[in-house]
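Report on the structure given below.
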Amino acid sequence: MANPCEGLKVLIVGAGFAGLTAAIECRRRGAPVLLLEGSSERKQLGDIISFGSNSGRIFQRWPGVEEAFDPICHHSSGLDFYTYDNEFLCRQSWDAEADWGKMFNGHRGEMHEIVWDHALSIGVEIKMGKKVSEYFETDNEAGVIVNGERISADVVLAGDGVRSTARTIVLGFEDKPKSSGYAVYRAWMGTEKLKENPLTAWLANGQDHHAGWLGPDVHFLVAALQNGTACSWVLTHKDEADVEESWSAPGDIEDAVRTVEGWAPIVHTIIRATPPEKLVDWKLVFRDPLPTWVSPKARIALIGDAAHPFLPTSIQGASQAMEDGVTAAVCLELAGKANVPEAIRAYEKIRYGRVLATQKTGVTTRDAWHKADFDYVKKNPESVKLPREKWILDFDAQQHAHDVYAEIVKSLQTPSESKPSL
Ligand SMILES: Cc1cc2nc3c(=O)[nH]c(=O)nc-3n(C[C@H](O)[C@H](O)[C@H](O)COP(=O)(O)OP(=O)(O)OC[C@H]3O[C@@H](n4cnc5c(N)ncnc54)[C@H](O)[C@@H]3O)c2cc1C
């Protein structure tokens, strides 16, 4: 690729998958990129994260990343569904979507480290311990304030996650997260204890597995990977507690077991095999869609969860965050340094409708599982399969942005078309 963004100073806030993708994609196009991350040290945080083939193809464009992911990612050929009382329902095979590309599921911290190192290797400048407190923009530049220091650039892409402070400048007010009514107990652990129990030993047999148990308003998913040495599980259940969304809030094993009272013994065995310090209680935050992701002068754009948090049942939060990063980079490439506001408005317009439609799949899948009539499910086991949508997964954000950019820019010149519609 030539250097279409040469001289275009890009400032990115937040080194999650949205920020890192935007940084890598702008850097690949020749832009000098400075990425500011609030955390002061690199830690392998989180547990299982899923990237569909729509983001898999983005990783594959970054030399060495796919090769580094392969040994640590999950490679099962399907997902086995059971009822809460252990009646086998069906297997959802991924064969049908093999032509759409490669998906990558693995430990968030391990994958994040590989992507971070790739960003550094291509010349992205990353500064840690830089918690941005304010944003500003003029007609000619945008920037942030960190620990009293003012840093400016041609454009700011804010990927500062669900608790984004950048939202305030974009919206003109501070919006509060809501409870989604659900929470997730989640864990990533070794398989030593599972190996000892005949009910769960298969999870440590060296092969990758993926299975789910579904019950009224609760679902439990388990994945075994890394040659049978690692296991991750998530248990989504009703929870009206305060929305304290954090990846490190500790969970209580017995509380988790209580949410699956009367369920198959294997589910209890997996939960009880979890070292207590590995259990996280994550309250799922929900936010109404924002009316816009772009600041008034269109030099600051929200990307990733800062713009649009996803429910995990969409299995698309991280993938859509990456699509944002790629799309913003392509728009900046096509607009050039002289037309940053055009690029930023086009980025929003290209992404907005697709993101909203994808977000909705998180609610429909959760409701299909949690509100299922189990007599119906037992007679129609295929009804629990995840809707694997071709329009979501067989999609190339980079190609799409190139294809529609000119037409989108033209539509932005018509005032009634210039804002995204819900
Ligand atoms: C520590 C952590 C662990 C996670 N673990 C999982 C997991 O196991 N499974 C899963 O599915 N999803 C996990 N997620 C969420 C998932 O990564 C995101 O939902 C998705 O990838 C979208 O990414 P994002 O870049 O938009 O947001 P995030 O991944 O949330 O990244 C936002 C980044 O911005 C930084 N930041 C926030 N505020 C500021 C500020 N003011 N100044 C500078 N930097 C700031 C944060 O430290 C963070 O690095 C985790 C997120 C985090 C932060």
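The values are calculated or read from the model by the stated rules, or taken from the named source; none is laboratory data. It should be emphasised that the depicted structure is a prediction, and the values quoted were computed from it without experimental measurement. FYI the Cβ positions are ideal-geometry reconstructions off the backbone, even for glycines, and counts take in every protein chain you see. Accessible surface areas use protein heavy atoms only, side chains included; no ligands, DNA or RNA. Shrake-Rupley method; radii C 1.70, N 1.55, O 1.52, S 1.80 Å.
Structure data summary
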read-out: 5 angstrom amide H check on residue 134, placed H, neighbours 5+ away; value: 145
read-out: Cα Rg, Dmax (largest Cα-Cα span) when computed across region 336-422, Å; value: 18.7, 62
read-out: Label-to-label distance, nm, for residues given as residue 128 and residue 196 (7 Å Cα→Cβ offset); value: 3.5
read-out: Ellipsoid equivalent to region 137-215 - semi-axes via the Cα gyration tensor, in Å; value: 47, 18, 11
read-out: Debye equation applied to the C-alpha atoms of region 222-309, log10 I(q)/I(0) at 0.10, 0.12, 0.15 Å⁻¹; value: -0.42, -0.55, -0.74
read-out: Karplus-derived 3J(HN,Hα), 6.51/-1.76/1.60, for each residue of region 85-90, Hz, glycine and proline x; value: 9, 6, 7, 5, 9, 5
read-out: Accessible surface, per residue, of region 178-286 when the full set of protein chains is kept, probe 1.4 Å, Å²; value: 42
read-out: Stretch gain in nm, segment residue 297-residue 404, where the contour uses 0.36 nm per residue and the Cα spacing is subtracted; value: 36.3 nm
read-out: Cα-based Rg / Dmax (Å) for region 178-286; value: 13.7, 42
read-out: Volume in Å³ per residue [convex hull over Cα atoms, computed for region 1-137]; value: 158
read-out: The chain - share of DSSP beta bridges that are antiparallel (%, nearest 5); value: 75
read-out: Per-residue ³J(HN,Hα) for region 9-24, Karplus 6.51 cos²θ - 1.76 cosθ + 1.60, θ = phi - 60°, Hz, x for Gly and Pro; value: 7, 10, 10, 10, 10, x, 9, x, 5, 5, x, 5, 5, 4, 5, 5
read-out: Carbon plus sulfur fraction of accessible area for region 178-286, probe 1.4 Å, in percent; value: 52
read-out: Rough spin-label spacing in nm, given labels placed 7 Å along Cα→Cβ, for residue 97 and residue 72; value: 2.3
read-out: Computed [θ] at 222 nm, helices only, for the chain once each DSSP H run of length n ≥ 4 contributes -39500 (n - 2.57); value: -10000 deg cm²/dmol
read-out: Over region 1-77: Rg over Rh, Cα atoms, Kirkwood Rh; value: 1.01
read-out: Entries of 43/195; 9/337; 43/176; 43/238; 193/278; 102/390 with Cα pairs more than 19 Å apart; value: 43/195; 43/176; 43/238
read-out: Cα-based convex hull volume of the chain per residue, rounded to whole Å³; value: 139
read-out: Separation in nanometres of the label points that stand 7 Å from Cα toward Cβ, at residue 171 and residue 364; value: 2.6
